[in-house]
Amino acid sequence: MQWPTGPGTQLRLLGRARDLLTPHSGSDPMVLREDTMRAGVDSTTRTIEEIEAHPPRPHVRKLIGSRGGGSSRAVLAEAMADEAATGTPLYLLLDDIAGASLIAGFAYSRWIDRDLLLQAISAAPVRNMTGICTGFQPGSGALMPDGSSKWNHQVRPVVPLPRADDPMGWHALEEITAMSMRRARRIDVHIGEVIAIDSMFQDSSTVPTGGRVAVHEYRLTATADPRTGELLTIDADPRVLPYDECPLASRNVGKILGTPLSELRTVVLEKFSGTEGCTHLNDAMRALAEVPAMVRALRADDQA
């Protein structure tokens, strides 16, 4: 998430995702599928102004004019139904436009003079955040008297995700020193007596002094029935979140036990609306809808 022509101008999104198989034979990991997405989003309205995918998908242009966090996911579900059904990396990237365009503005708090930023915020229409998530429940310390959110986010410095001892662990991540945000997501799956899932995601910003700070980070571990695909266990570990009340959302994840993994994109939104959920934890749980595609790839490897 970057603003190449300066703060307040068009937000540019670059998304990359892949499915990486580590064969049971012990041979080198193999990239099964890889997709890239580029989009231009209006910084104020979060409206998608331009978008392209590689390899090309003509239907992706149907998202132009939809708004991240508003109509984009409904348009996406209709326009890219085939991508959703087969669990392509591209669909996960496109679904993340809503979340990415929402959190991108956090970078301003690291790069723009605080007094200037507060002046700009005070001049903008007040957005009442009360009740939209667990962190902003009524009476939360994250809220200003008018219902707007405080800008005292708790953050934590984080080290680079790629590791020298695991060069295939992440695809290439460009080192960016300008004002930017990044959402990094990992979902690891293996099959034994159950489908075992280990997942994490991290939202981080560059900072003027160098390096990155995280504002959101979760780890999810879960198991699912290998025959039915139904969720058997799930645990959410909130690593970094902006307000003291935010981690409370992790106590509610058991509500989706018994849900087929393939239905999580819709079921999570139904069960964790308002103060029952955390926007970012919801995104992490919804992304587990991609697990069935990974399971199919593992089973194909077993039969090879």
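Of note:
- Region 62-144: Cα Rg divided by the 2.2 N^0.38 Å rule of thumb: 1.42
- For the chain, built as a Gaussian network whose Cα springs stay under 10 Å, the top-fluctuating residue of Arg61, Arg286, Arg12: Arg61
- Under Karplus coefficients 6.51, -1.76 and 1.60, residue-wise ³J(HN,Hα) of region 93-101 in Hz, glycine/proline x: 5, 5, 5, 7, 4, 4, x, 5, 5
- Nitroxide proxy distance, nm - points 7 Å out along Cα→Cβ at Ala178 and Lys150: 3.4
- Rounded, prolate or oblate (a/c below 1.5 giving rounded, otherwise prolate when a/b exceeds b/c) for region 1-51 by Cα gyration tensor: prolate
- Note on the chain: semi-axes of the ellipsoid equivalent to its C-alpha gyration tensor, largest first and rounded to whole Å, are 31, 22, 20.
- Measuring how big region 216-304 is from its alpha-carbon positions, Rg and Dmax come out at 14.0, 49 Å.
- Computed on region 161-209, the Cα convex hull volume stands at 91 Å³ per residue.
- Here the Kirkwood formula, the inverse mean of 1/r across different C-alpha pairs, assigns region 145-304 a hydrodynamic radius of 17.3 Å.
- Sequentially through region 33-49, phi angles give Karplus couplings (6.51, -1.76, 1.60; θ = phi - 60°) of 8, 8, 10, 10, 9, 10, 8, x, 10, 4, 5, 8, 8, 6, 7, 6, 9 Hz, Gly and Pro residues having no value and appearing as x.
- For region 52-190, alpha-carbon Rg and Dmax in angstrom: 18.6, 51
- Using alpha-carbon coordinates, inclination of helix 114-123 to the longest axis of the chain, degrees: 80
- Nearest 10 degrees, 0 to 90: helix 291-303 Cα axis against the chain principal axis: 30
- A compact globular protein would have a Cα radius of gyration near 2.2 N^0.38 Å; the ratio found for region 130-182 is 1.78.
- Simple rule: put +1 on each Lys or Arg Cβ and -1 on each Asp or Glu Cβ in the chain, find the dipole, and look at Phe106, Ala164, His24; the Cα lying farthest toward the positive end is Phe106.
- Of all accessible heavy-atom area on the chain, the percent that carbon and sulfur account for (1.4 Å): 52
- Distances between placed amide hydrogens fall under 5 Å for Tyr243 paired with Gln154, all partners being 5 or more residues away or on another chain.
- Debye, to nearest 20: dipole size of region 1-56, +1 on Lys, Arg Cβ, -1 on Asp, Glu Cβ: 120
- Listed residue (Asn252, Phe136, Thr223) projecting farthest to the positive dipole end of the chain, Cβ model: Phe136
- Largest-first principal axis extents, alpha carbons of region 1-86, Å: 50, 31, 21
- Lysines with Cα under 23 Å of Lys271, excluding same-chain neighbours fewer than 8 positions away: Lys255
The values are calculated or read from the model by the stated rules, or taken from the named source; none is laboratory data. Note that the structure is a prediction, hence the values are computed from the model and not measured. Heads up, the Cβs are rebuilt from the backbone with ideal geometry, glycines too, and the neighbour counts pull from every protein chain shown. The accessibility values were calculated without ligands, DNA or RNA, using every heavy atom of the protein model including side chains. Shrake-Rupley method; radii C 1.70, N 1.55, O 1.52, S 1.80 Å.
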